[in-house]
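Accompanying notes for the structure given below.
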There are 4 protein chains.
Amino acid sequence: MRGSILGIRHGYQKVGFKFSIRGNWHSVGNYNVPFCLQSTSKPLVYALVQEELNQETVHQYVGHEPSGFTFNAISLDPANKPHNPMINAGAIVTCSLLKQKMNLADRFDYVTKMFKRLTGGEYLAFNNAVFLSERETADRNFALGYYMRENKCFPEGTNLMETLDFYFQLCSIEVDCDSASVIAATLANGGVCPTTGDKVFSTNSVRNTLSLMHSCGMYDFSGGFAFEVGLPAKSGVSGCIMLVVPNVMGICIWSPPLDKYGNSVRGIQFCKDFVEKFNFHNYDSLIHSPKKFDP
Amino acid sequence: MRGSILGIRHGYQKVGFKFSIRGNWHSVGNYNVPFCLQSTSKPLVYALVQEELNQETVHQYVGHEPSGFTFNAISLDPANKPHNPMINAGAIVTCSLLKQKMNLADRFDYVTKMFKRLTGGEYLAFNNAVFLSERETADRNFALGYYMRENKCFPEGTNLMETLDFYFQLCSIEVDCDSASVIAATLANGGVCPTTGDKVFSTNSVRNTLSLMHSCGMYDFSGGFAFEVGLPAKSGVSGCIMLVVPNVMGICIWSPPLDKYGNSVRGIQFCKDFVEKFNFHNYDSLIHSPKKFDP
Amino acid sequence: MRGSILGIRHGYQKVGFKFSIRGNWHSVGNYNVPFCLQSTSKPLVYALVQEELNQETVHQYVGHEPSGFTFNAISLDPANKPHNPMINAGAIVTCSLLKQKMNLADRFDYVTKMFKRLTGGEYLAFNNAVFLSERETADRNFALGYYMRENKCFPEGTNLMETLDFYFQLCSIEVDCDSASVIAATLANGGVCPTTGDKVFSTNSVRNTLSLMHSCGMYDFSGGFAFEVGLPAKSGVSGCIMLVVPNVMGICIWSPPLDKYGNSVRGIQFCKDFVEKFNFHNYDSLIHSPKKFDP
Amino acid sequence: MRGSILGIRHGYQKVGFKFSIRGNWHSVGNYNVPFCLQSTSKPLVYALVQEELNQETVHQYVGHEPSGFTFNAISLDPANKPHNPMINAGAIVTCSLLKQKMNLADRFDYVTKMFKRLTGGEYLAFNNAVFLSERETADRNFALGYYMRENKCFPEGTNLMETLDFYFQLCSIEVDCDSASVIAATLANGGVCPTTGDKVFSTNSVRNTLSLMHSCGMYDFSGGFAFEVGLPAKSGVSGCIMLVVPNVMGICIWSPPLDKYGNSVRGIQFCKDFVEKFNFHNYDSLIHSPKKFDP
């Protein structure tokens, strides 16, 4: 299977798993039901902003550490920065950094164009109803925004309301398992979309993004996920998980029922079963490993 | 270089780096000055206790999550367990689990024999002066021990004073860069000592150990280290760092001056330079990566 | 002096102290320079809302405990209520409770009329410039407001923006040492304005208000103030301190330079000197006390 | 009743209340059942150490602030001192300060002699069984002791084990409602034992002690107690509460069932009923108060 990047698309209701060793795409269940990216937009925004600004500049504004058990607290790290770009606070800050000079409409256009390239041209849309509802109910994000403005977390000249709108818009971008698995596969493939050959991100941006997905991508279960599954992933409250097997494949599972951490119940189960059966855990490929199935 | 597990030994005063692609061992500087394992004994004790008990039993007593910024605090995770076996609290608990039925002398004998196998028969000794001094000055560890006993963190029948003595003894085991690099190489080699072919640990124990070294091995710099270096490592206050490049090599650097996190200043610098030059970062091997040197 | 409630007014630049035992009012320095109530409005709002609703209803929404060293943190007590009505979070909540059915203009009218009665008809005005500036720069208060709305801290039907406006308005009410010392004296006098005989507050409301001023009135110095001065007081960032000697007198000191806690430097010094010389500390009146001056 | 200091003794099983206005002592229930001082020794040790050293010296080692909601945590204040002498950490430190030059036996003799004077010669004994059991089971206190030694909380030359023994011994001193109510009355009387006229403490020590009992005496319910009862008090896990009405009387209630805070359930109820009926709340004596019964 080496050398071919596959995508696995998984929908709601049924749980299945299939893939090919010849670059074919396999899908099971409701893989064409659209859902919003929600938090799975965070690693993409982080990668995007690293393309635009260099790594040092980005990390002047946001850390790269798990935040420990204070995940839900309104808190900043000792340097008064959000702990990492995979949590709300950090993603609001990376949004503020993205194409600062453009107006909001152009910034949104820019992001959707880039995201579309990540999907290799597959389904991507904007769900205005979700956007309006997000903006209406996001007390915590407004609290975070004001708290961070007080703590001078944003670059000079940032318009807080516009930044929050931008953040809500990016959470409201709609994909399906088809398109999201190509996004994951693009990350697995070092930033080159496997279906089009389009180099969207530099490998350095992808490396940093995968590192943080590995340690911080699954809310408060991130540590447990890194231990048990050992693969970079990001979940969203819409019930999706994007799972990346570097150099091998990208997977998108969508199944709305969430556990207490906010992760898809079936998605987590799938990931555990997946590394149980296949040798894809980060430290699974040790030479003297018992033989798991290596596709 | 694939297929050969190398060890790099690095001593104090000079910083150098050399290795071979044919299983030869290369050493630079004061690689034969003995120093105490200190915290680098923690991953080894964790691997040992997993050999003896199964993974689920061990993790009934200790978590597998980074502890966030409360590293130095006397605190337990929400399940009233130490956060992970790489911090003092967790290592005291794994010590309490190790060969509980034996008396202290036999337990210590057992551990030194196992550690000796990890080194492939190279230098390993007990520094009684360090042990006595550790026991004398370890207010924090006594505080932790009593706090955990209050919180019923130990298996029934645990003798707290004996457990702490055992813990101090294991911290006081002496190695040098020669022997410690073989230990690291044994971990890199999936539990099989590369110089003797002796299978000391199962790959499953090694996988779990490397996972936790990756996320929790470098004190409060663990998150930053995972991001920048992306390799499993463990540091000790004696100034050593054991660095593992899975399937490739084990490295020991020893250089006593410590930074504010308690990590060897030169050791950290070495690790950064190492992944700067070679493609060993966990997410470095992406297909479309710019060409770093791949030995 | 027993039996007569005096007010001491103290202005900026000079520090002096004078009073009479016959109900005369004594003022020193710039006692007629207007300044904004700021946080000194908090105990008054708390007393007002207790007049309107009963004590139990009020404390369903706000606690009555010092908040410890987390004073500046965005945090709630274990029952998800602000710790007490003397901190920003708590005062925003008491504002939301005050005359909920009225429109904002009528609510503001109501408060100013009540405050005017507390001053016995002395100087009270609205500083619109301060209000606008408060509203402009109050990131922390907006963060608190959204955070509390998320945590359902407000009574049903609360309009958050209007509540915050109301809160900023009440902070922007202007007094001078003359009028503020009469307010303090009204509290000292069990709710009856000593210059007019007007019963503005019930003694029960005053008792509760003085209790919380005693334990929580001086920001993070509240514990130290209770220990050293032992009198109910409330400070504001405009540099004023309202100090209450129950049954004896009310004092207002105004001197803008603030210490690290946000309390007037000279105001604190005055309070310490005051109880050093006179036997007004809460536990000063012990039978066998050494004789301090008892006016 | 002014001018006479009364003691109210209250025992287990029945709840009653009686007192005289002519200095007579009234007791109800099992007032002669002995119980251990436990935490009610803390204010007495604090007063004692202030007699020996001056206030400034004592407070170099211990704070005078409520500790907030971190009461049970192993934590120190920002100056690395225990928050106040009414919590375990603070009381262990005040014990270490008491007659440092004496040997343990003489220190204990000194304290029992002083405590005996506080009781006016009534029942005081040492319960060795409780002492041994305390020492056996006090994991938290050992943890605190080691943690504080690590943080250099003790005066130079302190022997930690001896200090903890001393602390456990003072907690194991036995009184009954008879003798403990005289102790409370001695505090109410400014340090002069009302039954013997013996001046045991200076009024300054008593003032500071009452201040801290007022704000920190009832574990995590201290804030609520100050608000609702408004009188200095100290509870102990043996089920006793010493309540002080300055210049009026001392009360001891003993009733072992404890609430979640560790305070006697009936004791707390008694205190609430007491200030409900009589005008003894700290801010009850306001001139225009509704008439409660003033004995």
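Just so it is clear, none of the values below were taken in a lab; they were calculated from the coordinates. Please read all numbers here as calculations on a predicted model, not as lab measurements. Every residue, glycine among them, receives a Cβ derived from its backbone with ideal geometry; neighbour counts consider all protein chains shown.
Odds and ends about this structure:
- Each residue of region C:181-193 was assigned a 3J(HN,Hα) from its phi angle through the Karplus expression (A = 6.51, B = -1.76, C = 1.60, θ = phi - 60°), giving 5, 5, 4, 4, 5, 5, 5, 4, 9, x, x, 9, 4 Hz with x at Gly and Pro.
- In this simple spin-label approximation, residue B:79 and residue B:272 carry label points 7 Å from Cα along the Cα→Cβ vector, and these lie 3.6 nm apart.
- Each copy carries a label point for residue D:162 at 7 Å from Cα along the beta-carbon vector; from one copy to the others these points are 3.1, 7.0, 7.1 nm apart, nearest first.
- Label-point gap, in nm, between residue B:136 and residue A:196 - each point 7 angstrom along Cα→Cβ: 7.0
- Binning the C-alpha pair distances of region B:144-295 at 5 Å intervals from 0 yields a P(r) profile of 2, 9, 15, 18, 18, 16, 11, 6, 3, 2, 1, 0 %, listed from the shortest bin outward.
- Secondary structure note: in the protein assembly as shown, about 60% of the DSSP beta bridges are antiparallel.
- If R0 is taken as 30 Å, the Cβ-Cβ distance between residue A:56 and residue A:159 corresponds to a FRET efficiency of 0.75.
- Placed amide H near residue D:198: partners under 5 Å, 5+ positions off or other chain: D:193
- Long pairs among C:42/C:277; D:42/D:260; C:99/C:199; B:42/B:199; D:81/D:234; C:99/C:260, criterion Cα-Cα beyond 31 Å: C:99/C:260
- Cα-derived Rg over Rh, computed across the protein assembly as shown with Rh taken as Kirkwood radius: 1.02
- Exposure proxy order (Cβ contacts within 10 Å, fewest to most) of B:178, B:273: B:273, B:178
- Computed over region D:213-286, the quotient of the alpha carbon radius of gyration and 2.2 N^0.38 Å is 0.99.
- Integer Hz, Karplus 6.51/-1.76/1.60 couplings in order for region A:86-101, x for Gly and Pro: 8, 9, 3, 4, x, 6, 4, 5, 5, 4, 5, 7, 7, 6, 4, 7
- By the count of other C-beta atoms within 10 Å, a proxy for reagent exposure, D:243, C:98 are ordered fewest to most as C:98, D:243.
- Distances in nm from residue C:80 to the matching label points in the other copies, shortest first (labels 7 Å along Cα to Cβ): 2.5, 3.2, 4.0
- Normalised alpha carbon radius of gyration of chain C [divisor 2.2 N^0.38 Å]: 0.94
- With neighbours defined as other Cβ atoms within 10 Å of a residue's Cβ, the residues B:214, A:59 order from fewest to most as A:59, B:214.
- Semi-axis lengths, largest first, of the ellipsoid equivalent to region D:77-204 are 27, 17, 13 Å, with √(5λ) applied to each eigenvalue of the Cα gyration tensor.
- Net charge in the neighbourhood of residue B:104 (other residues with Cβ under 11 Å of its Cβ; Lys, Arg +1, Asp, Glu -1) is -2.
- Each other copy holds its own label point for residue A:276; taking that point as 7 Å from Cα along Cα to Cβ, the gaps run 4.5, 5.9, 7.4 nm, nearest first.
- Shielding by partners, peptide C:225-233 (average Cβ within 10 angstrom, other chains): 4
- Close amide H partners of residue C:240, meaning residues 5 or more places away or on another chain with modelled amide H under 5 Å apart, are C:255.
- Per-residue HN-Hα couplings for region B:245-257 [Karplus 6.51, -1.76, 1.60; θ = phi - 60°; Hz; x = Gly/Pro]: 10, x, 6, 10, 6, x, 10, 10, 10, 10, 7, x, x
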